[in-house]
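The structure appears right after this line, and notes come after that.
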């Protein structure tokens, strides 16, 4: 397996540091002021399992292995008292992730949603959501005529998963809207 040199690090890469898997959040190359000193690579890393962020500096000569992380297609089945239940679309095995593991991603989950699951050493650790999900509006403020003059051309709406977003005034209860999972914003009518 090819190792990644510290001088090749880029944002969003996955590396193993001291046997632990990390996601590279930021990379900064610090040139030395003293002659003969080696260039240092300053990084900000997020632990894949604990989500803890650390700052670490490396010499450019240091090398890292890639962690055993794989993306697998999966489907969301249902939520219950134990957590959020999914099925691996390749092995048909079912697995559960807790609300803490999912964070706000759980607000985009509806039965049957196709997504990808990130696995570390074969165990599911996080989700990669599709960029757009379609959700039904369960509650929307009434749109008030004349609102647009004050720049308030959106209103608050609650979607079937409990997610609250701003939508255009013409959106009504029962309509299906498309939501951007990266920004949490209204994209369009479905």
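Some points to look at:
- Considering only 125, 171, 54, the mean-square fluctuation computed in a Gaussian network model of the chain, springs between alpha carbons under 10 angstrom, is largest for 54.
- All-pairs Cα distance distribution in region 4-64, expressed in whole percent, bin size 5 Å: 4, 20, 30, 24, 11, 7, 3, 1
- Options [x] 21.8, 70; [y] 15.5, 44; [z] 17.5, 55 - which one matches Rg and Dmax of the Cα atoms in Å as calculated here: [x]
- Overall dimensions of region 69-128 by Cα: Rg and Dmax, Å: 10.3, 28
- For region 26-92, alpha-carbon Rg relative to the globular expectation (2.2 N^0.38 Å, N residues): 1.83
- Globularity index of region 82-190 is 1.26 (Cα radius of gyration / 2.2 N^0.38 Å, N = number of residues).
Every read-out reported here was derived from the displayed coordinates using simple, explicitly stated rules and does not represent laboratory data. As the structure is a computational prediction, the values presented were derived from the model and not from experiment.
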